[in-house]
Structures are given as structure tokens and as C-alpha cells.
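The values are calculated or read from the model by the stated rules, or taken from the named source; none is laboratory data. These numbers were taken from a predicted model, which means no experiment stands behind them. We place every Cβ from the backbone using ideal geometry, glycine too, and count neighbours over all the protein chains shown. The accessibility values were calculated without ligands, DNA or RNA, using every heavy atom of the protein model including side chains. Shrake-Rupley method; radii C 1.70, N 1.55, O 1.52, S 1.80 Å.
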Amino acid sequence: MASDSAVASEGSLKVVQDATCTFCGCVCDDIDLRVDGTHIVEAKRACVLGKAWFLNHDVEDRAPCYIEGQPATVEAGIDRAAQILVRSRWPLVYGLSDTTSESQRVAVSIADWVGANVDTTTSVCHGPSGMAFQGVGEVTCSLGEVRNRADMVMFWGSNPAESHPRHFTKYSLMPKGMFVPNGRSDRTCVIVDVRKTKSAKAADIFVQIKPRGDFEALWTLRALAQGLELDPQQVEADTGQPLSAWQDLMDRMKAAKFGVIFFGMGLTMTRGKHANSEALLALTRDMNAHTRFVCKPNRGHGNVTGADNVVAWRTGYPFGVNLGRGYPRFNPGEYTASDVLARGEADAAMIIASDPMANFSQPAREHLGSIPYIAFDPKETPTTRAATVSFTVATYGINVPGTVYRMDDIPIPLRPAFESPFPSDLEILEGIESRVRELQAAERAS
Ligand code: SF4
């Protein structure tokens, strides 16, 4: 729970200082909340998305558990969930990016006990980066280092002005830092994208590249970093920008004292996917022959970085891992949830804090709807509605303490605002894990 010094009273209101917003990967941990019973009435310093996250939070009028659409006790739900998982020959565990790392850890344990396929929402956002990290490695740093040192800040295929509204002001562009004492005026901001996004207004240099030309643009910069001669006509045809523009950018990158490239799904989910991410990671590595350069994916969900970390600690791989043979196998495309479901392979599933029934392909949704599955969510969603067992759970960060990972892999504690009438997914997952162990022990003994 929040420490006493962080919680105070102001008349009838409870004040929680330095609460953590888990709406996006910035995980801002400086939000002061004013709470009236079970309503948050003020979220000081939160951006427009953070305010909507805190102020629109309602405790839903729902039962804590439903089995086949009928209200049930949590204990009955735990037992039925464990029975489904233990009887399954090809279980799938999916989601995990909007809950605490404590819950993620128990979910991966359950996957291990039952030999499941475990995957997270990383597979539909920065999965290609996860593959590239395995192949190329990542020259990286914390957002605190960016704040204090970066004089060249690049965004590639990322639109933080809309997706991470405090990114510029809290971490990357505006803050005055130890080695950039004048803040914004000490930094050069470069935005590379296929269209003029809202973020482009903040840029000193906006480079509009040809759609699907990210790999060619990055490879051009790699060649220029090494001083190779290039054909100007081909560069312009491949990237949409003249060679002189790329040479100018490379000269500035080499002249920087500390450069950073933040990249988003505009890079990872367009033609080239993991090859694009590999090209950007390799360019960052190459730049360290000239100056200090780092890169970092701009992550979306509040604890998707925690999901990558926890799955990697437990299995050696960040997502798309199959534990069916008793040891981990990593193969995106084969063991990623949407593919497993679309091919009709899983015969049971456990979905935590995610809504695949709203955003997976039709074949994947149809198969999920045809198998027994368990769903966890604070709200009613298409996924909870069609679940065999659905649990209504407390919301992480607002009701539940624990740990989340900021997009730069820094663990941040949560300071909840008020208690929920619903259990946390951690309590339920721990109950399912022990029931699974009991059922497996009974099976071995019989
Ligand atoms: S930037 Fe993200 S984490 Fe920070 S307040 Fe806004 S939504 Fe919340």
C-alpha cells in the first residue's frame, strides 16, 4: 500500500501524493490525486489521457465472478479455471500488459505448470523490436539520462504528442538537465515519419519519408555513418528525401554529444517489421563509433515493459513462448497468440487484462469463442462476455499496489487511491496456481 507520508486528508477528501499513472508507458509517478470515497476528483499533473484514466474510473456494478454467464463465487471460479487449465492439452496464456509484475509472475508460473503457450500484447505492438533485441542487442539508457544529457532527440515512426502526452515535457525535450541546462534550446529535435503528425510541430527538423521506406532510410544513414558513397538518385527514389538531407542529418547526429532515437509502431508494424527495428538498433550501435547514441521503443500499455521483463526472466524470451515440451521455445508467428488461435491450435485459454475478442482477426476470435477460456478484467468487455469463467478484478494503480516497469525498464511502485470491492487479479491467480498444483498432485497420486 502507499506509505503513510504519501497519503493525507484534506477535509473529506483523501490526498494521495506521487501516485503512478498506468495509462501509458511513460508511467508518470508524480500525480497527486484527490479522492472522494470511490471517485477520484482531481489528478494533478496528469495529461489529458491520464486525467481520463483517473477521473473516469468507476467501480462497475458487477459480480466478482461469472461462470458461463451466471454470477458465481470467486472460489467456484478459481476451481473451474484450474480444472479447465489442467484438462487442456494446448493451453494459451495471453495479455498481461495491463496488470502488475507480481501478477505477471504468477501467470507465467501457471503457464509453466500446465505447459502452456504464453504470449503478451507485445506480439501486436513491439514484437518486431523484441525479435531485433535478440538479434542485434540494444544500446540503451534510462529516461533520466535522456532528461539530463540528450542534446539530439529523434523520434522515428512515433507520435508522442498524442500517444504519450508528457513524454516531451517530463523526459525528452523540455526539461532542463544536468548537461542541457537550457532545456529545449539545448536540444535538437528530429522527427522522421511518413506523415506530418501532431508531434512534427515540435521538431526542429521534420523528415518525411516515403511510406514503407523506413528500412531504406535507416540503411542510408548506416552507410553515411560509415562514410560510404551512395547514388543520390537511388536514395531519393527509395526514401523520398534527397541524399543531401540525409547527409545533413548524419552530420548533426555525429556532432551531437548524446543522441537518442525513440521509435514507435510506425517503424515496427510497417513493411520490414523486425528488419526495420534491427536497422535502427544497428544504426544506433554504429553511431557509437562517433559519439554517444542510444535508442528506446516508445511503449504503449502501462506495464507492457514489465510483461517483457517478467516473461524474459522466467523463460529467456520476451513473448511468444511455448512451454508445452517442458522447456521454452520462442518463435513469433508460430507461438504468438493471434496465430495460435487463428490456426485453431489452443484448446483452452487464460486471458489477463486484454481484449482479443475486440481486436484479433476473425478466425482467431472464432476459435477463442469455441474453446473454454478464463478472462480477467476490471470492466465488462467482448472478451469477458464470451468467457467460460470471467473475473471482475480491481484496477492496478488505482486500487491495487504493486510494481510496473516504465518504458525504460525502470521498476516503479504503485500508490493506489482507494480499495476496490473486487479482488486483485494477483489474489485470483495465486488461488488458481495452488488449485492447479492440487489437481496435478491428485492426478499423479491416482
Ligand atoms: S503521459 Fe502517460 S503515464 Fe503520464 S500522465 Fe499521461 S497517460 Fe499517464
Gyration tensor (alpha-carbon) shape descriptor, segment 374-415, a/c threshold 1.5: prolate
Distance in nm between pseudo-label sites at ARG385 and ARG212 (7 Å out along the Cβ direction from Cα): 3.6
Would you calculate a helix-derived [θ] at 222 nm for the chain, using -39,500 (n - 2.57) for each DSSP H run of n ≥ 4 and dividing by the full residue count, to the nearest 500? -10500 deg cm²/dmol
Using only the Cα atoms of segment 326-407, build the gyration tensor, take square roots of its eigenvalues as a ≥ b ≥ c, and label the shape rounded, prolate or oblate: rounded if a/c is under 1.5, else prolate if a/b is larger than b/c, else oblate. oblate
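Using the crude model of +1 on Lys and Arg Cβ and -1 on Asp and Glu Cβ, and no other charge, please compute the dipole size for segment 127-297 relative to its Cα centre, in debye to 20.
Details: 22 positive and 17 negative charges, 163 e Å.
Computed charge dipole of segment 127-297: roughly 780 debye.
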Kindly report, to the nearest 10 Å², the accessible surface of GLU102 as traced by a 1.4 Å probe over protein heavy atoms only. 50
So, for the chain, what is the accessible surface per residue at a probe of 1.4 Å, expressed in square angstrom? 41
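Cα gyration tensor of segment 187-233, axes a ≥ b ≥ c as square roots of the eigenvalues: rounded (a/c below 1.5), prolate (a/b > b/c) or oblate? Working shown, then result.
Details: a/c = 2.93, a/b = 1.65, b/c = 1.78.
Cα axes put segment 187-233 in the oblate bin.
Considering every pair of different Cα atoms, what Kirkwood radius, in Å, is found for segment 298-343?
Numbers: mean 1/r = 0.0883 Å⁻¹.
Over segment 298-343, the inverse of the mean reciprocal pair distance is 11.3 Å.
Over the chain, with every protein chain in place, what whole percent of the accessible area is carbon and sulfur at 1.4 Å, could you tell me? Can you show the working numbers first?
Working: 8910 of 18110 Å².
Its accessible area is 49 percent carbon and sulfur atoms.
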Which of HIS367, ALA348, PRO378, positive extreme of dipole for segment 334-379 (C-beta unit charges): PRO378
Long-range amide H partners of MET350 with built H, under 5 Å: LEU92, VAL93, TYR94, ILE374
Obtain the nm distance between the two label points defined at ASP32 and TRP313 by a simple spin-label model: each point lies 7 Å from its Cα along the Cα-to-C-beta direction. 3.3
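Nearest 20 debye, what's the magnitude of the dipole of segment 364-446 about its Cα centre given +1 on Lys and Arg Cβ and -1 on Asp and Glu Cβ? Mind showing how you got there, number by number?
Numbers: 8 positive and 12 negative charges, 23 e Å.
Once rounded to the nearest 20, the dipole reads 100 debye.
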Find out how many positive minus negative residues lie around ARG435, taking Lys and Arg as positive, Asp and Glu as negative, among other residues whose Cβ is under 11 Å from that of ARG435. -3
All lysines inside 28 Å of LYS201 as judged from Cα atoms, apart from same-chain residues fewer than 8 positions distant: LYS44, LYS51, LYS170, LYS176, LYS210, LYS254, LYS257, LYS273, LYS296
Rounded to the nearest 10, the angle in degrees between the Cα long axis of helix 274-287 and the longest principal axis of the Cα atoms of the chain comes to 50
Longest to shortest principal axis, alpha-carbon extents of the chain, angstrom: 72, 57, 33
In segment 183-240, which trypsin sites (Lys or Arg not before Pro) fall in coil by DSSP and have 16 or fewer other Cβ atoms within 10 Å? ARG195, LYS196, ARG212
Dimensionless Rg/Rh of segment 1-111 - Kirkwood Rh, Rg from C-alpha atoms: 1.07
Which of the listed residues, PRO328, MET154, TYR405, is farthest toward the dipole's positive end in the chain, when Lys, Arg count +1 and Asp, Glu count -1 at the beta-carbon? MET154
Per-selection metrics, segment 255-396 (Cα): Rg and Dmax in Å: 18.6, 59
About its Cα centre, what dipole magnitude does the chain give when the only charges are +1 on Lys and Arg Cβ and -1 on Asp and Glu Cβ, stated in debye to the nearest 20? 920
Counting Lys and Arg as +1 and Asp and Glu as -1, what is the net charge of the other residues whose Cβ lies under 10 Å from the Cβ of GLN208? +2
As a test question: what accessible area, to the nearest 10 Å², does LEU173 have when a 1.4 Å probe is rolled over all protein chains in place? 0
With 10 Å bins from zero, work out the P(r) of segment 127-297 over every alpha carbon pair and list the percent per bin. 11, 41, 39, 8, 0
